[in-house]
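J.: Just dropping this structure here.
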Amino acid sequence: MEIRPLRDDEIEEVVRLWRRSRDASQPWLEARAGHTADEDLRFFRATIARENDVWVADDRGVVGFLAIAGQRLGWLYVDPSAQGRGIGSRLLDKAKALSPAGLTLYTHQRNERARAFYERRGFRAVRFGMSPPPENEPDILYRFDSQQG
Ligand SMILES: CC(C)(COP(=O)(O)OP(=O)(O)OC[C@H]1O[C@@H](n2cnc3c(N)ncnc32)[C@H](O)[C@@H]1OP(=O)(O)O)[C@@H](O)C(=O)NCCC(=O)NCCS
């Protein structure tokens with residue numbers, strides 16, 4: 001498996017993976033938000049890809065991705081069919097290497113699997129809050145400091 005930068009011609013495939021992963025990990029939120037596939041694609045192109053560095057995990061096809069801007073790890077998603085094989089760990093190691101000064105990220109309080117995943121990899125919760133409208137979902141700000149990692 002290789003971790004490498006996203007290519008433009010892969011964006012649609014990655015956006016479909018992102019949706020599958022969100023549907024599997026937070027179905028309650030996806031049902032409430034009701035984003036269409038076109039909205040996902042527009043948001044990915046206009047915001048995620050434009051404002052972040054996007055890296056993919058390629059295992060004879062894209063199986064996960066991360067999007068990072070400075071110390072902020074904004075998105076980390078692995079295809080549900082590829083989870084539990086160490087791909088998320090490899091992507092997170094890449095994010096740590098890209099930002100040696102440390103990382104911050106938000107996750108939803110209900111996403112217990114992601115919380116356990118980050119906490120086992122050196123992240124600590126620094127603030128419990130609420131994501132901005134229209135999402136309005138309880139969230140947690142996590143921080144990783146490489147000196148403690
Ligand atoms: C969180 C996430 C990125 C982890 O990716 P991954 O490729 O499964 O990660 P790994 O295989 O490296 O590690 C998975 C860990 O979860 C555990 N796990 C718990 N439930 C599991 C399940 N149903 N299937 C597979 N692994 C599971 C594994 O045992 C492993 O435990 P460890 O921390 O003791 O090593 C992935 O689950 C994901 O994409 N989730 C949905 C999106 C998400 O929540 N992203 C984070 C939002 S901030």
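J.: I want to make sure I understand the PRE zone here: with the label point 7 angstrom from the Cα of ALA33 toward its beta carbon, which residues in the stretch 113-135 have backbone N atoms less than 14 Å away?
T.: 131-135
J.: Using R₀ = 25 Å, calculate the FRET efficiency as 1/(1 + (r/R₀)^6) where r is the Cβ-Cβ separation of ALA101 and MET1; round to 0.05.
T.: Given R0 = 25 Å and the Cβ-Cβ separation, E is 0.40.
J.: Let me ask something else about it. What do you get when you divide the Cα radius of gyration of the chain by 2.2 N^0.38 Å, with N the number of residues?
T.: 0.99
J.: Let me ask another. By per-residue mean of other Cβ atoms within 10 Å, what is the highest-first order of 60-72, 120-132?
T.: Ranking, from highest mean packing down: 60-72, 120-132.
J.: Just to be sure I understand: of the beta bridges DSSP finds with both ends in the chain, what percent are antiparallel, rounded to 5?
T.: Antiparallel bridges make up about 95 percent of those DSSP assigns within the chain.
The numbers here are math on the coordinates, done by the rules we state, and not lab data. What you are looking at is a predicted structure, and each value in this text was computed from that prediction instead of being measured. Glycine also receives a Cβ, built like all others from the backbone with ideal geometry; neighbour counts cover every protein chain displayed.
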